[in-house]
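Chemist: Could you have a look at this structure, given as structure tokens, before my questions?
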Amino acid sequence: MKSSYTNREQYYGDYLELDKILNAQHPESEAQGVDAHDEMLFIIIHQAYELWFKQIMHDLNSILKIFKGESVNDSSPALQIAVHRTHRIIEIWRLLVSQVTVLETMTPMDFLDFRDLLAPASGFQSVQFRRLEARLGLRMEERHQQRHYQHQLRSEHVQEVVETEAEKSLLEYLNEWLERAPIWELEFWEGFETAASSGADKHPFWAHYRQLYEESLVGEERKTIAIADFDRLFLEENSGLTRFSAKAMQTILFITLYRDYPILQMPYQLLSKWLEIDELMAHWRYRHMSMVRRMIGMRIGTGGSSGAKYLKGAMEKHHIFGDIALVTTYLLPRTKLPRLPQKLTNKLSYQSWY
């Protein structure tokens with residue numbers, strides 16, 4: 001079969017379009033005859049951020065495509081690809097965090113040499129990053145000081161973010177995937193032993209696990225951890241408590257508890273990696289906040305925000321996958337875990353759920 005590729009010789013600079021990239025830095029200080037050596041560093045750092053955001057979106061879109069299907073085979077190459085590309089996004093975020101260290105080689109006086117020339121431009125206006133947040137699952141009404149999005153972004157860029165939010169996010173796809181897990185079908189729980197007082201109105205596993213968990217609380221835990229919170233998170237419709245549904249939270253907890261089974265390894269890794277990304281994004285915001293505080297103190301940002309104060313609020317509010325960590329409050333030691341029925345054990349050990 002004849003190849004469809006054309007036999008065209010490539011040249012390094014042409015292939016990477018280096019003429020465009022290396023000539024895309026135009027310091028405003030040079031245009032205005034101001035001596036500000038570090039403006040070049042400032043521009044390159046932020047251009048590099050935008051390139052990495054583009055790569056993250058490229059990988060994220062491929063992951064979303066995998067989860068758009070009606071089913072995801074947990075032992076398939078597709079899920080392994082999703083885990084692998086999620087891991088790459090982790091490594092990119094680690095790089096983005098460390099990149100702040102390079103920017104911090106610029107002193108506050110170095111920044112003041114050109115800071116006033118930037119207004120009213122601001123990193124707040126990174127449309128790629130706003131769209132990335134939306135693709136992950138952050139909605140406009142959940143954003144810190146959302147009024148800035150109407151005032152700081154151009155109308156066409158606000159529309160881009162709104163259109164991205166109208167599409168189904170990764171968090172929503174993950175929620176649907178977790179809800180589809182058929183492990184709760186009663187056919188898998190025949191012969192599962194439960195305590196007589198555990199409650200016949202609940203699924204046998206949850207009736208039993210709830211009782212075991214309550215019995216495991218000791219000392220001050222009995223005062224600080226309410227079993228009613230367990231019920232709201234996992235057994236009732238927890239509207240407003242978490243971004244994930246109660247049914248999805250059940251599956252997250254089950255995967256965490258029984259992750260040693262072969263079929264649960266990939267789902268566990270995927271959930272853990274997105275929790276790590278959530279933490280890395282918060283760490284990146286913290287580094288950015290600390291740098292801004294060091295650079296401009298209590299001054300407002302170039303775009304008119306409250307500077308470090310705004311960044312602190314965004315860091316605390318813009319968590320997307322933090323609910324995954326909630327299940328750690330409700331774990332039991334391996335030695336106390338309920339023994340699963342043989343039929344379900346076989347399913348988790350040798351073949352896919354879906």
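No value in this document is a laboratory result; all are computed from the given coordinates. None of the values given here were measured: they were computed from a predicted structure. Heads up, the Cβs are rebuilt from the backbone with ideal geometry, glycines too, and the neighbour counts pull from every protein chain shown.
Chemist: Spin-label point model (7 Å from Cα, Cβ direction): what's the residue 229 to residue 7 distance in nm?
Modeler: 6.9
Chemist: Helix 246-257 sits at what angle to the longest principal axis of the chain, using alpha carbons and giving 0 to 90 degrees rounded to 10?
Modeler: Helix 246-257 sits roughly 80 degrees off the main axis of the chain.
Chemist: Long-range amide H contacts for residue 126: which residues qualify at under 5 Å (H placed 1.01 Å from N, peptide plane, sequence gap of 5 or more or a different chain)?
Modeler: none
Chemist: Let me ask something else. From Cα pairs below 8 angstrom and at least 6 apart in sequence, can you work out the relative contact order of segment 1-112, rounded to a whole percent?
Modeler: Relative contact order comes out at 26 percent.
Chemist: Dipole size in debye (nearest 20) for segment 35-350 around its Cα centre, Lys and Arg Cβ +1, Asp and Glu Cβ -1?
Modeler: Taking the Cα centre of segment 35-350 as origin, the dipole is about 260 debye.
Chemist: Hey, what D do you get for the chain in µm²/s if you plug the Kirkwood alpha-carbon radius into Stokes-Einstein at 25 °C and 0.890 mPa s?
Modeler: Here the translational diffusion coefficient equals 104 µm²/s.
Chemist: Also: Aspartates and glutamates within cross-link reach of residue 223: Cα-Cα under 15 Å, excluding same-chain residues under 8 positions apart?
Modeler: 214, 215
Chemist: Right, here's the next one. For the peptides 244-257, 222-235, what is the packing order when you average, over each peptide's residues, the other Cβ atoms within 10 Å and list the highest mean first?
Modeler: 244-257, 222-235
Chemist: Taking the simple approach of a point 7 Å from Cα along Cα-to-Cβ for both residue 139 and residue 91, what is their distance in nm?
Modeler: Once both label points are built, they end up 3.5 nm from each other.
Chemist: May I pose another question? Whole angstrom only: what separates the Cα centroid of segment 205-256 from the Cα centroid of segment 29-45?
Modeler: Between the Cα centres of segment 205-256 and segment 29-45 lies a distance of 55 Å.
Chemist: Okay, next question. Relative to the first principal axis of the alpha-carbon coordinates of the chain, what is the inclination of helix 39-67, with its axis defined by its Cα atoms, in degrees from 0 to 90 and to the nearest 10?
Modeler: The angle comes out at about 30 degrees.
Chemist: If you don't mind, there's one more thing I want to ask. Helix 262-296 versus the longest principal axis of the chain: what angle, 0 to 90°, nearest 10, using Cα atoms?
Modeler: 40
Chemist: Quick one: compute the contact order of the chain, relative version, from alpha carbon pairs under 8 angstrom and 6+ residues apart, as a percent.
Modeler: So the answer I get is 24 percent.
Chemist: Return the calculated 222 nm mean residue ellipticity for the chain, to the nearest 500 deg cm²/dmol, obtained by summing -39500 (n - 2.57) across DSSP H runs with n ≥ 4 and dividing by the residue count.
Modeler: Helices in the chain give a 222 nm mean residue ellipticity of -17500 deg cm²/dmol.
Chemist: Mind ordering 320-328, 111-119 by average Cβ neighbours within 10 Å, highest first?
Modeler: Most protected by this proxy first, the peptides run 320-328, 111-119.
Chemist: Then there's this: Summing +1 for each Lys or Arg and -1 for each Asp or Glu, what net charge is found among the other residues whose Cβ lies under 14 Å from the Cβ of residue 157?
Modeler: With Lys, Arg at +1 and Asp, Glu at -1, the neighbours total -3.
Chemist: Evaluate E = 1/(1 + (r/R0)^6) for residue 157 and residue 45, where r is the Cβ-Cβ distance and R0 equals 22 Å; express this FRET efficiency to the nearest 0.05.
Modeler: Between residue 157 and residue 45 the formula returns 0.55.
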